[in-house]
Amino acid sequence: MPEILAENLSDKEVMGSDGASLGTLYNITMDLKTGTLRDLVVDPANATVEPDFPRDDHGNYLIPVSRVQAVKDTVVVDR
């Protein structure tokens, strides 16, 4: 996968592999010890479905980075 600056991902739409909107990318978490990216933090305000992902204390979805399939105009994740 080519390099993508984090600032270019802010407010990008996140979609499931089935085409359903899951919301807007709010942030990305990482493991501070290893530097490994952990989760996409997705604001579900404009979601069209209720996916089966855990939520944080603010109601945002926590989607494991390992589920990311593509990053272009939108971020596509495996559902």
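No value in this document is a laboratory result; all are computed from the given coordinates. Quantities reported herein were computed from a predicted structural model and do not represent experimental measurements. Cβ coordinates were reconstructed from backbone atoms using ideal geometry, including for glycine residues, and neighbour counts include every protein chain displayed.
Fully extending the segment from Arg55 to Met30, taken as 0.36 nm per residue of separation minus the present Cα-Cα distance, adds 7.4 nm. Sorting the segments 16-24, 36-44, 56-64 by their residues' average number of neighbouring beta-carbon atoms within 10 angstrom, most packed first, yields 36-44, 16-24, 56-64.
Distance between the modelled labels on Ala70 and Asn46, one decimal in nanometres: 1.9 nm (7 Å Cα→Cβ projection). When the chain is described by a simple charge dipole with +1 on each Lys and Arg Cβ and -1 on each Asp and Glu Cβ, the residue from Asn46, Val14, His58 located farthest towards its positive end is Val14.
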